[in-house]
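A short worksheet on the structure shown next.
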Amino acid sequence: MLLTKLHIPSAGNNIVHRTELFANLNNGLSRKLILVSAPAGFGKTTILSDWIDQNKIPAAWFSLDNGDNDPVEFLSYIISGIQSIQKEFGESALKLLNSPNAPSCESITSLLINEIFNLSQNFLLVLDDFHVINSTEVLKLVTYLLEHIPCNIHIVILTRSDPALSVSRLRSQHQLVELRSSDLSFSANDISILFNKKLKLGLSPDDVFSLETKTEGWIAGLQLAALSMQGHEDISGFIKALKGDNRYIMDYLMEEVLKIQTDDIKEFLLQTSILEQMSASLCNAVLNLNNSQLILETLEKNNMFVIPLDTERNWYRYHHLFAELLKQRLHLREKAAIAELHNNASEWFNNNSMPLLAIEHAIQTADFEKSILILGEIAETLWQTGQHAAIMKYGDLLPDELIKQNADFCLYYAWILVITGQIQKAEPFLASAERIIKQNINDGNSSEEDVMYYRKLSGKISVVFAYLNSFLMRSEKVFEYSKTAMENLTEEDPFWYSWGWYTIGMAEMSRDNLKESLNAFENALEWGKKSGNIYLISATGNRIVALEARMGLYTSSYKKCSDLLSFMKKSGYSQIIKSESSYAVLFSGMAGIEAMRTDFDDALENIKTAYSLCKSGSDNSFRVLMLVVYSLTLYGRGDISGVKKILTEADNILKENIIFPGSMAMYIAMKGIILIEQNEPEKANQFYNENGLKFDKKLSYSEEFGYYPYALFLINEMKFREAEILLAQLFNMATAASRTERLIEGKVIYAILNKAKGDREKAIINLIEALEEAASENILMPFVLYYSRISDLLKEVYKMQATTNTNIPRKLTDKLRLTIEKRERFLKIKMQSELSDRELDVLKLLSEDLSNQQIADYLFISLNTVKSHIKNIFLKLDVDSRTQAVTKSKELGII
């Protein structure tokens, strides 16, 4: 981190205090945003720094550059800036940012907003040179910050052009103070103060007005004019010679300024213009000098557009516009001379522990070999500290063949590619890294220490390879690489050791060894907690929760969801839970369990939370899984139209994305049920054919979900033999893995099969066995799911329960009956709530608490017509008051 970027720039020696603008800026202390927008050279930075200094306003200042388009960098600097006001601010957020798998930046911004609420003083957050920001993600963060910041912080944006933020909305809300070039331009009085009182140049009133007219008060032009005048005796004649627009005047004045400098100073200015910031030591190295400190101090003293970046005067930068003009002149020279300057700068930055700046200068000369060498040395650090955008930037910029020669960079670049879904692009880089490491281990020339390093790197590469192959359903490869990972990773590095166990869990799951997989994930969670990495803890916890639910261990799975959420809250990350997409898995998991137990109200609340969190996520496999749980919940409630709407979202995702087989199987299951229940056999048949379902196919556990409704489809088609073959395989799989919920669903479908074949007695036995199996975990969803096929059988089971001994708890069947009654009632209400367009208009106005007469006036209808519509609304919604109608319509999603 360059602390110079957090330094509030000095206003300078010859500052003209702009008291009339200070009054305007003072209004910003009660607004969300102060926007100072003007082209280069209008004194944006100076006016703000002078206002802050004169009024002793607490401020966190952040001078932006192109590197701050990385959201992690952006937030890290903001936190460090605010720490100048409150030392302990944002420590937990900074820890999260500087980790290999950080939560989303929006989540961390939420965390920071909560901390700002607790700060005792008002302060400014100044974002200087905001025009360099073009990252959509950073712009979203600033928008989110502006929408949610508390009243004790005021954001100031200094920019050459208006930012892509909701400025007009803030203006309409009276939350914006603006300064434009017309406000910042020097008046004749300001020019007189600068040239006569400050610089003692003795301009006449006519000279002052002439300068104002020619420069239009452009401050940079005026400053250059002042410098140029030092070499002229006839100042009035010099001013009269100024002609053209500001760019022409600036070029003219620049030549005049350089003309009066000594050759040494002129060379210093031109050659150091390649540096975004400079110190004496850096300038000495780049230009082969030994007096750069004296030159820099002299330039500052002479107002040569040199800005100190710290109070000790160790670091400086040129005014941006001045630097641009210097670079234009430098680039007229031989490229070799300029390349030498960049090479010297790169060498100095690398030797002084500023590798990213070293790389930037190396890239300027297309020295990609040096760039990749430096990147290989810092790749792990960049990855560990969350600077993934930097890795992606250089990975995309540098030639692939060159990258493939560096195992370290290949590993971390590939890892980021994998987690962002770019599987095919990642694999060749991992293969290259693997090949290099094997050669290094086997060549016999490496030291023992180097061999140990290569083995650890081999373990890490194997982790990423295992993870990659899990996406591609290469079971043997997953197992092979997970084994290699554990052979080379040790407990000394709990983070990677946890990932090693994680891949073992993936490998065992790919072989359908669910108990072994669960054990591996539990080991991964234990080591993940020791590493302190929240993403790893959450990802592993999510795996355990999903796996236990899949095994029918709902009580344990639900408890682990709750425990993991409690763990995060106790660790100080409760805000992250509410905004981070990775925690959607926990809420979705709880919703799934609640839905299987027919606790649909609780399930709906949790799945809505998961749905909201998923909006910021990029894991399409999980999004589809979450949508399936959502549709299952809505189906259980009787909201069939809601199910169709949610499944359409899943359809749209699947049109453009490949997802995990397990998620796909659950989607096939839910979609198939809807097509069957809606009595659309042709569409169902086409759907199953397109997805390759066959009754005699050898199945894996990741595929089985979709095959239970497929068995029902075969029964409907009177293909009893095929259904029996398929059900036998499914039932054997469920029995072998002791998977309770699948055994229950299998027995329910067996009941439907036997009923269809005319063996009613056997069908009832199947159903009794299913209910007895359901008792341990209260799994009732299969009976709701297939209710239309077993309703008559259930009635007979209820009678038998009253007259004969069964192992079905009365509490279980009472809950099932109540659930069915509630669902049937909901379906009836839904049918009755088919409101006309005009009735819907009236209902929406009722929700706004308008009177009958106001509704009539608004819709241009008679009062009697309004009363008639309201009567129909009450009848269709089965309510007897306006309040009940509005409440119920909101619950049903009508308004």
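Below, the figures for the structure above:
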| read-out | value |
| --- | --- |
| Relative pair counts by distance (%), Cα atoms of region 82-230, 5 Å bins | 2, 8, 13, 15, 13, 11, 9, 9, 9, 7, 4, 1, 0 |
| Apportionment of accessible area to carbon and sulfur, region 1-119, percent (1.4 Å) | 48 percent |
| Protection proxy ranking of 125-131, 93-99, 587-593 - average other beta-carbon atoms within 10 Å, highest first | 587-593, 125-131, 93-99 |
| Pair-distance profile P(r), taking every C-alpha pair of region 149-210, with 5 angstrom steps and integer % | 4, 13, 18, 15, 10, 9, 10, 10, 8, 3, 0 |
| Net lengthening on full extension, Ser836/Asn691 (0.36 nm per residue, minus Cα-Cα) | 48.3 nm |
| Simple label model, 7 Å out from Cα along Cβ direction - Glu369 to Met473, nm | 4.6 nm |
| Surface share of carbon and sulfur [accessible, 1.4 angstrom probe, percent] for region 365-451 | 48 percent |
| Residue list for region 209-229, given a label point 7 angstrom along the Cα-to-Cβ vector of Gln328 and an amide N cut-off under 19 Å | 214-229 |
| Expected-Rg normalisation [2.2 N^0.38 Å, Cα atoms] applied to region 450-582 | 1.07 |
| Packing-based order for 235-243, 800-808, 364-372, 636-644, using average beta carbon neighbours within 10 Å, highest first | 636-644, 364-372, 235-243, 800-808 |
| Distance in nm between pseudo-label sites at Asn98 and Thr298 (7 Å out along the Cβ direction from Cα) | 4.0 nm |
| Listed residue (Asn533, His342, Leu158) projecting farthest to the positive dipole end of the chain, Cβ model | Asn533 |
| Rg/Rg_ref, the chain, where Rg_ref = 2.2 N^0.38 Å and atoms are Cα | 1.20 |
| Pairwise FRET efficiency - Asp183 versus Asp601, Cβ, R0 = 45 Å, nearest 0.05 | 0.20 |
| Sum of side-chain charges, Asp207 neighbourhood, beta-carbon under 13 Å (Lys, Arg +1; Asp, Glu -1) | -1 |
| Length-normalised contact order for region 1-95 - Cα pairs under 8 Å, 6+ apart - percent | 34 percent |
| Cα long-axis angle, helix 494-510 against the chain (0 to 90 degrees, to the nearest 10) | 40 degrees |
| C-alpha long axis of helix 335-351 to longest principal axis of the chain, angle in ° | 60 degrees |
| Net charge dipole size for the chain [Lys, Arg +1 and Asp, Glu -1 on Cβ; Debye, nearest 20] | 3060 debye |
| log10 of Debye I(q)/I(0), alpha-carbon scatterers only, for region 684-831 at 0.17 Å⁻¹ | -1.00 |
| Average silhouette area of region 278-332, convex hull of alpha-carbon atoms, in square nanometres | 4.0 nm² |
| Protection proxy ranking of 290-299, 256-265 - average other beta-carbon atoms within 10 Å, highest first | 290-299, 256-265 |
| Extreme residue, positive dipole direction of the chain, given options Asn114, Asn26, Trp499 (C-beta unit charges) | Asn114 |
| Electrostatic dipole magnitude of region 1-108 [Cβ: Lys, Arg +1; Asp, Glu -1; Cα centre; debye, to 20] | 280 debye |
| Two-site FRET efficiency, Ser556 against Thr806, from Cβ-Cβ distance with R₀ of 35 Å, rounded to 0.05 | 0.85 |
| Check: region 421-542 dipole with +1 on Lys, Arg Cβ and -1 on Asp, Glu Cβ, in debye | 380 debye |
| Over region 747-895, volume per residue of the alpha carbon convex hull, in Å³ | 135 Å³ |
| DSSP beta bridge pairing in the chain, given as percent antiparallel to the nearest 5 | 20 percent |
| For region 406-477, average projected area of the Cα convex hull in nm² | 4.6 nm² |
| Label-point separation in nm, Lys259 to Asp234, each point 7 Å along Cα→Cβ | 1.3 nm |
| Among Thr740, Ala770, Val286 - extreme Cα towards positive end, dipole of the chain, charges at beta-carbon | Ala770 |
| 15 Å Cα-Cα reach of Lys32 towards aspartates and glutamates, excluding residues that sit fewer than 8 places from it in its own chain | Glu147, Glu178 |
| Region 761-895, accessible surface, carbon-and-sulfur percent (1.4 angstrom probe) | 50 percent |
| Gain in span if fully extended, Lys799 to Arg313, counting 0.36 nm per residue against the direct Cα distance | 165.8 nm |
| Candidates per GluC sites (Glu not before Pro) in region 94-188, loop by DSSP, up to 16 other Cβ within 10 Å | none |
| With Cα atoms, 0 to 90° folded angle of helix 136-148 axis to the chain main axis | 80 degrees |
| Accessible area per residue in Å² at 1.4 Å probe, computed on the chain | 44 Å² |
| Partners for Lys198 among aspartates and glutamates (Cα-Cα distance below 14 Å; same-chain residues under 8 apart left out) | Asp190 |
| Largest-first ellipsoid semi-axes for region 586-666, taking √(5λ) over the Cα gyration tensor eigenvalues, angstrom | 20, 13, 11 |
| Partners for Lys456 among lysines (Cα-Cα distance below 16 Å; same-chain residues under 8 apart left out) | Lys438, Lys483 |
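The values are calculated or read from the model by the stated rules, or taken from the named source; none is laboratory data. Since this is a predicted model, take the numbers as computed values, not measurements. Glycine also receives a Cβ, built like all others from the backbone with ideal geometry; neighbour counts cover every protein chain displayed. What goes into the accessible areas is simple: the full protein's heavy atoms, side chains included, and nothing from ligands, DNA or RNA. Shrake-Rupley method; radii C 1.70, N 1.55, O 1.52, S 1.80 Å.
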